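Enquirer: Quick one: the structure is below, questions incoming.
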Amino acid sequence: DGQVDLAVDYDETEFSWTAAANWQFTDSMGTFARINSGSKMPYFDDFRDNRDAYASGNNLIQEVEQYELGFKWVTDYVSLYATGFYTEVDPTFFTQLTGQQATIQTQESSGVELDAIWETEVGFRMTLNATIMDSEIVSGPNDGNETQRQPGWQLRLTPSYDFDLANVTGTVYGTISTVDDRWGEPENVNRLDGYEKLDLGVIVRINEAFIVQLAADNVTDEDALTESDPRTILAPNGRYIMPRSIEFSVGYEF
């Protein structure tokens with residue numbers, strides 16, 4: 001409309017740091033610890049959406065603290081990384097609609113991340129990625145609720161097989177992904193059901209130069225939402241995972 005609704009002159013400085021230690025106590029095992037302290041500085045949308053909080057003196061800077069403690073085990077055929085973590089973000093801002101008052105709260109998350117690989121001498125490999133997490137809002141009007149869109153656990157299992165035939169090498173692979181239930185908004189009203197997704201593919205390299213790849217995503221055509229509309233609890237819409245798709249590609253390396 002030609003009118004300036006909000007003007008911001010902003011100049012803030014924050015200091016971020018990381019400290020870590022690693023101890024390999026055998027040839028195949030080790031442990032590590034890490035502390036991260038940082039900040040998320042505001043950008044355009046933060047000033048626009050959280051203008052009331054900014055006008056009342058809040059600098060809109062989010063302080064992020066993270067602590068990690070992990071274990072590593074690596075052999076010729078098996079490797080395992082297990083990392084326990086704790087994260088605090090203070091504050092977080094949630095505005096349902098631009099111009100409305102922002103909800104200011106603190107979020108805490110703790111859990112374990114697992115990464116494992118099993119390899120064989122015949123070309124078969126199995127990879128596991130998993131996260132088990134408890135994420136909670138610990139202050140504000142939604143104190144005690146789970147953090148929106150954060151599943152309690154998610155897991156990806158990827159078997160693959162490498163083959164070599166004359167002048168042709170390739171890999172056949174698949175990935176099974178499974179995600180736990182989540183809440184669509186801080187009020188914890190809309191529960192988003194968990195889902196499983198299967199992906200398959202093959203990559204073939206001919207004469208070490210010509211590459212052919214066939215990838216099938218969401219083979220079972222699973223229906224699922226990754227998030228709902230946080231602007232209103234009653235909204236019927238959401239963002240879904242993509243339906244079944246197949247992609248074929250070729251390439252040549254000179």
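Enquirer: Can you find a residue that is farther than 26 Å from Phe47 by Cβ, open to solvent by 30 Å² or more (accessible area, probe 1.4 Å) and of a type in the set (A, V, I, L, M, F, W, C) anywhere in the stretch 95-105?
Expert: No: zero hits.
Enquirer: Given (1) among the β-branched types (Val, Ile, Thr); (2) within 30 Å of Gly170 (Cβ to Cβ); (3) open to solvent by 60 Å² or more (accessible area, probe 1.4 Å), identify the lone condition not met by Thr120.
Expert: Every listed condition holds for Thr120 apart from (3).
Enquirer: A further question on this structure: Take the stretch 193-235 and flag every residue that is in a loop (DSSP other than H, G, I, E, B), among the charged types (D, E, K, R) and open to solvent by less than 40 Å² (accessible area, probe 1.4 Å).
Expert: Correct list: Asp229 only.
Enquirer: If a residue has to be part of a strand (DSSP E or B), farther than 20 Å from Trp17 by Cα and open to solvent by 30 Å² or more (accessible area, probe 1.4 Å) to count, how many in the stretch 70-93 make the cut?
Expert: Count: 8.
Enquirer: Would it be correct to say that Met41 is among the aliphatic types (A, V, I, L, M) and within 23 Å of Ala102 (Cβ to Cβ)?
Expert: Here the answer is yes, as Met41 does meet what is asked.
Enquirer: Something else now. Name the single residue that is nearest to the chain's Cα centre (by Cα) among those in the stretch 41-64 being surrounded by 13 or more Cβ atoms within 10 Å (Cβ to Cβ) and assigned to a helix (DSSP H, G or I).
Expert: Asp46
Enquirer: Give just the number: which of (1) in contact (Cβ under 8 Å) with a residue 40 or more places away in the chain; (2) open to solvent by 70 Å² or more (accessible area, probe 1.4 Å) does Gln154 not satisfy?
Expert: (1)
Enquirer: So which residues in the stretch 236-245 are in contact with a Ser or Thr (Cβ under 8 Å, 6 or more places away or on another chain) and part of a loop (DSSP other than H, G, I, E, B), if there are any at all?
Expert: Correct list: Asn237, Ile241, Arg244.
Enquirer: Quick check: anything in the stretch 23-32 in contact (Cβ under 8 Å) with a residue 12 or more places away in the chain, farther than 30 Å from Leu80 by Cα, of a type in the set (Phe, Trp, Tyr) and surrounded by 10 or more Cβ atoms within 10 Å (Cβ to Cβ)?
Expert: no
Enquirer: Another question about this same structure. So, in the stretch 97-131, exactly how many residues are modelled with pLDDT of 95 or more, of a type in the set (A, V, I, L, M, F, W, C) and over 13 Å from Leu157 (Cα atoms)?
Expert: 2
Enquirer: Let me ask another. Condition test on Tyr67, is it part of a strand (DSSP E or B), within 20 Å of Ser139 (Cβ to Cβ), out of contact with any Leu (no Cβ under 6 Å at 6 or more places or on another chain) and open to solvent by 80 Å² or more (accessible area, probe 1.4 Å)?
Expert: For Tyr67, the condition - part of a strand (DSSP E or B), within 20 Å of Ser139 (Cβ to Cβ), out of contact with any Leu (no Cβ under 6 Å at 6 or more places or on another chain) and open to solvent by 80 Å² or more (accessible area, probe 1.4 Å) - is met.
Enquirer: Hey, another quick one. Using the structure shown, decide if Phe248 is open to solvent by 80 Å² or more (accessible area, probe 1.4 Å), part of a loop (DSSP other than H, G, I, E, B) and on the phi < 0 side of the Ramachandran plot.
Expert: No: the conditions fail for Phe248.
Enquirer: Any residue at all in the stretch 37-45 that is polar (S, T, N, Q) and farther than 25 Å from Ile132 by Cβ?
Expert: Checking the stretch 37-45: at least one residue is polar (S, T, N, Q) and farther than 25 Å from Ile132 by Cβ.
The values are calculated or read from the model by the stated rules, or taken from the named source; none is laboratory data. Since the structure is predicted, the reported quantities are computational estimates derived from the model, not experimental observations. Every residue, glycine as well, gets a Cβ built from its backbone with ideal geometry; the counts of neighbours run over all protein chains shown. Just so you know, the surface numbers come from the protein's heavy atoms only, side chains and all, with ligands and any DNA or RNA stripped out. Shrake-Rupley method; radii C 1.70, N 1.55, O 1.52, S 1.80 Å.
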